[in-house]
1. Report the residue, chosen from Thr305, Thr261, Thr417, that carries the largest GNM mean-square fluctuation when the chain is represented by alpha-carbon nodes joined by springs under 10 Å.
2. Which of Phe277, Thr422, Ala342 sits farthest toward the positive end of the charge dipole of region 2-426, with +1 on the Cβ of Lys and Arg and -1 on the Cβ of Asp and Glu?
3. Checking a compactness column here: for the chain, what do you get for Rg(Cα) / (2.2 N^0.38 Å), N being the number of residues?
4. How large is ³J(HN,Hα), in whole Hz, for each residue of region 295-307 in order, when computed from phi with the Karplus curve 6.51 cos²θ - 1.76 cosθ + 1.60 and θ = phi - 60°, using x for Gly and Pro?
5. What ratio of Cα Rg to 2.2 N^0.38 Å holds for region 115-174?
6. Using only helices, what value at 222 nm comes out for the chain when you add -39,500 (n - 2.57) per DSSP H run of length 4 or more and divide by the total residues, to the nearest 500 deg cm²/dmol?
7. For region 95-209, divide the Cα radius of gyration by the Kirkwood radius and give the resulting Rg/Rh value with two decimals.
8. What whole-number distance in Å separates the alpha-carbon centres of region 259-312 and region 44-71?
Amino acid sequence: MKKIITLTILFFVLFLSITNAQGIKKTGGFTRLESFGNNPYVFDPFFNTVNPAWNSVYDNFILLELGSVSNQGPYSAGGAGQYLSTSFRLNKEWTVGGILSRNDFFGYSIALLDPGSTSFAGTPYTGVVNAVNNLVGTGAVIPLDNNVELMGTFTADHTTIGLGVAYASTSNDFNPPTGGSSEGSASQIGVNLGALTDLSNSFKLDLGASLLLPSASFMPPTGNETKASQTIIFVNGRAFWKASQKVTLVPIVGFTTASGTVDSGGTSNGSVDMNSFTAFGVGLGANYSVGDFLLAGGLMFSTGTLTMPSVANVSPELNLTTTVFPLWNFGIEWNMVDWLVARVGYTAYSGSVTNENAATSTTTSENVYSFFHPAQRGATLGLGFHFGDFSLDATINEDVLRQGLGNFGATNGNGPTFALLTSSYALP
């Protein structure tokens, strides 16, 4: 349940790319957004993941997401959520680049692999690999990893068009000396298309759409093939109206839908619907920028529904709907000195969940309840270190500040100082 609520919120916070009134700075990333109050109203290179046209803005730029503390604990290799993004300018019109991501990618785009198998909407929403392995046995199909995405942009007049294409696959073939062989495989094709256009000197339009097509299958030595496939679509749009020299108004809208089918194989070769997911959100924010000071924030509404299809003689169709309103995001960013940027943010939201459960094979019971955030944490802190064209951005574990001198020699002072890290380099 918690993961479904988190998806509904984070989809609109992390998926929507927003710009602001201050000048373009080739620095940032997921870490900056987190320390900036999960802010969807700021300009940042992380959003080339949902709209490749931003690669024309962040050209000749390399971003390496160092991620958060590894699941193996502090001082172990391979921080969670690491990925590499690049953009290189060929000439005035064209740029080329790409993204290398793993199955723990933080955002929602074609860089994300088999979303259902990587907790896209929590346990009730199953990915294609999990759907097949749940039927034929764990390990039959190897989960997808190490996604490769290629991107390119073309600029003419006041419009830039960006295209991204991603692909990943796995295989698991078993050929014994006697008896039949088996074959397990998975793949995902992703395509995203985006546009940035200046309709006037004070009005910019940003449009993006992404399509993911994950699939998995297992062919046993005897019997029918077990297979699953899904279609996942993200769409986002936003407008940037420069109301004054200091203030930019930013309305945003986003939509996602995910559905699929599974063929259970065995003695059957018919397909049934998998659980589906639909989400929609709108928001209005503003940026106030003066020199090296930026204040950004806004209000958002979002709703998402997970639908579980009916099962004959077992249960009717069931829906789990999460509605979030109001969702507040605020952040402040300012240059303390030339090489150091300070950030502080705050996120808060209220919402309700409508959960249907099967009472009989044809009727449902309904539970409607409220939820709130922050339960434990609403404030975020961060620092940005700039040395020439190199940047290192970090979120601060605020408990380090509370510990004070207890960080030195204390038995409980072994927590990480920085929760997230992102490094970037603007090529000269």
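Each reported figure results from applying straightforward, stated rules to the coordinates on display, with no laboratory input. All figures in this text were calculated on a predicted structure; none of them were measured in a lab. Every residue, glycine among them, receives a Cβ derived from its backbone with ideal geometry; neighbour counts consider all protein chains shown.
1. Comparing Thr305, Thr261, Thr417 in the GNM, the peak value goes to Thr417.
2. Looking along the dipole axis, the top candidate is Ala342.
3. Relative to the 2.2 N^0.38 Å estimate, the chain comes out at 1.04.
4. Whole-Hz 3J(HN,Hα) from phi for region 295-307: 10, 9, x, x, 10, 9, 10, 8, 8, x, 10, 9, 10.
5. The value comes to 1.65.
6. Mean residue ellipticity at 222 nm (helix-derived): -2500 deg cm²/dmol.
7. Rounded to two decimals, Rg over Rh is 1.16.
8. Rounded to whole Å, the Cα centres lie 22 Å apart.
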